[in-house]
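The values are calculated or read from the model by the stated rules, or taken from the named source; none is laboratory data. Predicted model, so just to flag it, every value in this text is computed and none were measured. Cβ coordinates were reconstructed from backbone atoms using ideal geometry, including for glycine residues, and neighbour counts include every protein chain displayed. For the accessible areas, the whole protein counts, side chains as well, though only heavy atoms, and no ligand, DNA or RNA atoms are used. Shrake-Rupley method; radii C 1.70, N 1.55, O 1.52, S 1.80 Å.
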Amino acid sequence: MGRPDPEEGQLPAPVKPPDGGWGWIVLLGCFVITGFSYAFPKAVSVYFKELMKDFHVGYSDTAWISSIMLAMLYGTGPVCSIMVNQFGCRPVMLIGGLLASAGMILASFTTNIIELYLTAGVLTGLGMALNFQPSLIMLGTYFDKRRPLANGLAAAGSPVFLSSLSPLGQVLLEKFGWRGGFLIMGGLLLNCCTCGAVMRPLDMGMKRKMGKAQDKYEAKEMLPIGGKSEEGISTTDGTKKGKKAKKKPKKGKKLLDFSIFSNRGFIIYTISKFILVLGLFVPPILLVNYAKDTGVPDTEAAFLLSIIGFIDIFARPACGMVAGLKWVRPHVAYLFSFSMLFNGLTDICSARASNYTGLVIFCVFFGISYGMVGALQFEVLMAIVGSQKFSSAIGLVLLIEAFAVLIGPPSAGRLVDALKNYEVIFYLAGSEVVLSALFLGVASYCCLNRGKKEPPPENNPSAGGGSDTEEAESDVQEAEEHSSDNHQPAHSTDNAMVVANEEPNHVAEEQRGEGGGCPAGDGEVLARDGCNADQMVERDSF
């Protein structure tokens, strides 16, 4: 198998994650994208009162703007997966940044609430979705050993941007009105295009290395070594022609890989995440109104969300560092289960909080547990399905989560209106989160551990849980052993090249038939005697 040739429509072989270098720039871009994606739908709520006055609508009508944004962020997951698999991450993110910005700019010229739904809701939400998912995919390709830390740092963008965009929106509203604020917000969203531009495909670096190896080989062949030099070049050309004649067209990459549903770990994760989302977002949504009903002043009630956001900023990177430890990372799914259990028990234990001190304590523990869940959710998914199938997996998971987002918080709001009791809602939300934690932990232990006892089939890519770099190194060692077994044919090829001065045509056919004497093992094998640099092989290590 030769080096991937873009002109022949072949897919580039995966490259080992560098765990640094340009990856830190990619991490910064992912930090910004995550901040905009999660914080922007909440930050636009500062404009709702002005929109209610201008369009003569109620609060529930304006709240649909944020709901539509979140629905587009979650519900368009499969569409994003298809576009990423077809066109790559960078073009999709550039288009997404333009759509997000155009949506807010057009929203500043709207004359009714329906136009706001279509511009600020649908168009901006779709643009942010086209940025959010590819940024996580690129983060997974650039980081392997440090991936838990990278995911934790990227997830910290959500609380940082939420604490920044909300005050900024209030300032813009007071100075320029809601139309001017929407226009400036649209300009800020153009930074998503900058973040998309830095998402350099990892295989570009590999192509440069392969080009350097090619140049070194050609320079070596140009040295005067008598008559063998010319015949070696002609023989190599014959080998290239033979390879091209025998090369078969490769199958293109699937637009949406549904084979991940055969992965039991993915099924367990998806079910657990659906149950989790039903109750995870309910407490922070109802917290302010709950505090006001208990007699807490408005300013102090609003400060409770700031406490959660401040704790969340530090909890996510810290949890990412813990998840990256050698003795923790193989069991990251159980750490995720513990974080969900911690969050659910916090909701249940704080349901009877009746004073401001109790609510502050609740916010501290909720911020820690919420940050742990946010830092680990995508790391666990990457560990289960691997980076090669992550683009399809995250799209399908977000689509399933979209239904839970549309069911959980609205249902909680209706129960509050019917029962006039927040305590029951906190018990219900906490029970759902605890149920998801128990399901993930027990199902992972029973199903996945039982599957590990069975002997794994040969040539079966890892479903996750380990380091992709370590697997690649083991593949290289196997390839070297296999190439040593085929060392004798390589020497016979060299002898044939010496005799080639008398029978050039016969040697050319022999070289084409034997593949140039190059070892045909798996792994990354450097070119040996009689093998040109185009015959380097790199195995899919994921």
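Odds and ends about this structure:
- Rg(Cα)/(2.2 N^0.38 Å) for segment 256-449, N = residue count: 1.06
- By a 1.4 Å probe calculation restricted to protein chains, TYR117 has an accessible surface near 40 Å², given to the nearest 10.
- Pairs beyond 21 Å (Cα-Cα), from LYS16/LYS389; LYS49/LYS175; LYS16/LYS273; LYS273/LYS389: LYS16/LYS273
- Distance in nm between pseudo-label sites at ARG264 and MET321 (7 Å out along the Cβ direction from Cα): 3.7 nm
- Over segment 16-221, accessible surface divided per residue gives 40 Å², non-protein components excluded, 1.4 Å probe.
- Calculated from backbone phi, Karplus (6.51, -1.76, 1.60) coupling profile of segment 72-88 in Hz, x at Gly/Pro: 5, 4, 8, x, 8, x, x, 4, 5, 4, 4, 5, 5, 5, 8, 10, x
- If you take all other residues with their beta carbon under 10 Å from the beta carbon of ARG179, and give Lys and Arg +1 and Asp and Glu -1, the sum is -2.
- In plain terms, the chain from GLU423 to PHE314 could stretch by 36.4 nm, reckoned as 0.36 nm per residue minus the Cα-Cα distance.
- Segment 255-389, accessible area per residue, ligands and nucleic acids excluded (1.4 Å, Å²): 42 Å²
- Using θ = phi - 60° and Karplus 6.51 cos²θ - 1.76 cosθ + 1.60, couplings along segment 172-179 (whole Hz; Gly, Pro as x): 5, 5, 6, 8, 10, x, 6, 5
- Rounded to the nearest whole Hz, the Karplus-based 3J(HN,Hα) values (6.51 cos²θ - 1.76 cosθ + 1.60, θ = phi - 60°) of segment 141-151 follow the sequence 7, 8, 10, 10, 5, 9, 4, x, 5, 4, 5, with x at glycine and proline.
- Relative contact order of segment 16-221: 38 percent, from C-alpha pairs under 8 Å at least 6 residues apart in sequence.
- Sites LYS292 and LEU168 - FRET efficiency at Förster radius 25 Å, r taken between beta-carbons, to 0.05: 0.50
- If R0 is 41 Å, the Cβ-Cβ spacing of SER60 and LEU256 corresponds to a FRET efficiency of close to 0.70.
- Order by protection proxy (mean Cβ within 10 Å, highest first), peptides 188-200, 386-398: 386-398, 188-200
- Paramagnetic label zone (point 7 Å from Cα along Cα-to-C-beta, VAL328; backbone N under 17 Å) in segment 137-154: 144-154
- Length added when fully stretched, LYS49-ALA197, from 0.36 nm per residue minus Cα-Cα: 49.6 nm
- Under the criterion of Cα pairs below 8 Å and six or more residues apart, the relative contact order for segment 256-449 equals 44 percent.
- Accessible-area composition of segment 256-449, carbon plus sulfur, in percent [1.4 Å probe]: 72 percent
- Protein accessible area in segment 17-108, 1.4 Å probe - carbon and sulfur %: 71 percent
- Ranked by how many other beta carbons lie within 10 Å on average, peptides 370-381, 424-435 from highest: 370-381, 424-435
- Highest average first, the peptides 296-308, 276-288, 83-95 ordered by how many other beta carbon atoms sit within 10 Å of their residues are 276-288, 83-95, 296-308.
- If the chain linking ARG414 and LEU118 were pulled fully straight, counting 0.36 nm for each residue of separation and taking away their Cα-Cα distance, it would gain 104.0 nm.
- GLU401 - accessible surface, heavy atoms, 1.4 Å probe, Å² rounded to 10: 10 Å²
- Residue-count net charge about ALA63 - beta-carbon cut-off 15 Å; Lys, Arg +1, Asp, Glu -1: 0
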